[in-house]
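Heads up: the structure comes next, in C-alpha cells.
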Amino acid sequence: MIKILFIGDIIGEPGRKCVNFVLQNKLNKEDYDLIIANGENLAGGKGISKSVFEEILSFGVDIVTLGNHTYSRKEVLDIINHPQLVRPINYPEGNQGQGYCIVKTKKGVDVGIINILGRVFTIECLECPFKTTNAVLEQIRSKTKVIIVDIHAEATSEKNALGYYLDGKVSAVLGTHTHVPTNDAKILPEGTAYISDVGMCGPENSVIGLEVESVLKRFLLCIPQKFSVAKGSCQFNSVEVSIDENTGKSQYIKPIIFNNINIE
C-alpha cells in the first residue's frame with residue numbers, strides 16, 4: 001500500500017504559511033509516500049511564480065498542479081516546464097508544460113498525476129476533459145496503475161461525471177477550484193477514490209480566501225473590485241488516499257482538515 005496526501009488550493013502567503021505549519025507540526029511528512037498540492041493560487045491568490053513554487057517544494061510538497069489561473073502571471077513561463085509542475089492537460093496543443101507526469105515515491109513506486117480543467121462555467125475553448133484524459137491513460141497505465149487525477153472545475157456535476165467515467169481506470173479523481181470542501185469523499189464501485197472538492201488552504205474568515213468586504217461590494221454593486229487575500233486564522237483542507245500499488249485501486253479516502261491555524 002502507498003499513502004498519498006493531496007492538499008487543496010493554496011491561497012497566497014497565508015495559505016503557504018498554513019501548509020508549512022501543518023506539515024511541520026500537525027502531520028508527519030514521512031507517513032506519506034507522495035504529497036501533491038494544487039498551487040494555481042500560490043502567488044497573491046492568483047497564479048504562480050518561481051519563488052512561491054520553490055517555497056512550497058521546500059515544505060515537502062512533491063508535485064504541484066495548476067488550473068484556470070495557470071497563465072495569470074507571466075512569471076509562470078520561468079517554471080512551466082519544471083518536472084514537478086503539472087498544468088491542465090486539455091489546454092490547446094502548442095502550450096508549454098506537461099499535462100501529466102510520472103514520479104517515483106519514496107518506496108520506488110511509479111505514480112501518474114494528471115491535471116485537467118473542466119469546461120462548464122470556466123474556459124469553453126478547452127479540449128474535452130473526458131476524451132483528453134482518456135487518450136493518455138493507456139500510455140500511463142503501461143508504466144503504472146497508480147494514477148491521481150486533479151479535476152479543476154466549477155461544476156460539481158462535471159466532476160462527478162468524470163469520476164464515474166474514470167472509475168476503475170485511475171486510482172483517484174480529486175476535485176479542486178471551488179475552495180469549499182465537499183462532504184462526498186468515497187470509493188466508487190470500481191475502486192476509484194473520489195471527492196468533488198478537496199477545499200483550500202487559506203484564511204477562514206473570507207470568501208474563498210479573499211477579503212469579505214471587496215467581494216460583497218462586487219456582488220452588491222455589480223462593478224469590478226480589487227480583490228486581496230484575507231488575513232487572520234487559516235484552515236487546511238486535504239485528503240489522504242491509500243492505494244494498492246499492484247491493482248491501482250484505492251482502499252480508502254479520508255479528509256484531513258485543520259481549522260483555526262494562527263500563522264501570524
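The values are calculated or read from the model by the stated rules, or taken from the named source; none is laboratory data. Fair warning: this is a prediction, and the values are worked out from it, not measured in the lab. No Cβ is skipped: glycine too gets one built from the backbone with ideal geometry, and neighbour counts run over all protein chains shown. The area values use the complete protein model at the heavy-atom level, side chains included, leaving out ligands, DNA and RNA. Shrake-Rupley method; radii C 1.70, N 1.55, O 1.52, S 1.80 Å.
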Paramagnetic reach from Ala155 (point 7 Å along Cα→Cβ, amide N under 18 Å) across the range 88-121: 90-91, 116-121
Whole-number accessible area per residue in Å² for the range 88-225, which is evaluated in the context of all protein chains at 1.4 Å: 46 Å²
Highest-fluctuation residue, Ala37, Ala172, Ala135 considered, GNM on the chain with Cα pairs under 10 Å: Ala135
Accessible area in the full protein assembly, largest first, 1.4 Å probe, for Met1, Met200: Met1, Met200
Over the chain: helical MRE at 222 nm, DSSP H runs n ≥ 4 each giving -39500 (n - 2.57), nearest 500: -6500 deg cm²/dmol
Surface accessible to a 1.4 Å probe, Arg141 within the full protein complex, Å²: 90 Å²
Chymotrypsin sites (Phe, Trp or Tyr not before Pro) restricted to DSSP loop in the range 96-142 with at most 12 other C-beta within 10 Å: Phe121
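Roughly to the nearest percent, how much of the accessible area of the chain is carbon and sulfur, given a 1.4 Å probe?
49 percent
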Gyration tensor verdict on the range 41-168 (Cα atoms; rounded if a/c is under 1.5, prolate if a/b is larger than b/c, oblate otherwise): oblate
Residue-span extension gain [Ile256 to Ile123] - 0.36 nm each, minus C-alpha spacing: 44.9 nm
Whole-percent pair-distance distribution, where bins are 10 Å wide, for the alpha carbons of the chain: 7, 33, 38, 18, 3, 0
Accessible surface of Leu27 - all protein chains present, 1.4 Å probe, nearest 10 Å²: 30 Å²
C-alpha center-to-center spacing [the range 209-227, the range 84-112] in angstrom: 35 Å
Under the Debye formula (equal points on every Cα, no solvent term), log10 I(q)/I(0) of the range 164-264 at q = 0.12, 0.14, 0.20 Å⁻¹: -0.52, -0.64, -0.92
Amide H partners (placed H, <5 Å) of Lys249, local residues excluded: Asp244
Residue-span extension gain [Asp184 to Lys74] - 0.36 nm each, minus C-alpha spacing: 36.0 nm
Cβ-Cβ FRET estimate between Glu213 and Asn134, R0 fixed at 35 Å, reported to 0.05: 0.20
Heavy atoms of Lys143: accessible area, 1.4 Å probe, square angstrom to 10: 130 Å²
The range 2-28 and the range 140-192: distance between their alpha carbon centers, rounded to Å: 21 Å
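Taking the Cα centre of the chain as origin and charging only Cβ (+1 Lys, Arg; -1 Asp, Glu), how large is the dipole, in debye to the nearest 20?
100 debye
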Where chymotrypsin sites (Phe, Trp or Tyr not before Pro) fall in DSSP loop in the range 140-247, at most 15 other Cβ within 10 Å: none
C-alpha long axis of helix 212-221 to longest principal axis of the chain, angle in °: 80 degrees
Antiparallel bridges, percent of DSSP beta bridges restricted to the range 142-238 (to nearest 5): 45 percent
³J(HN,Hα) computed for each position of the range 121-137 - Karplus, 6.51 cos²θ - 1.76 cosθ + 1.60, integer Hz, glycine/proline x: 6, 10, 10, 6, 7, 5, 5, 4, x, 5, 5, 5, 5, 4, 5, 9, 5
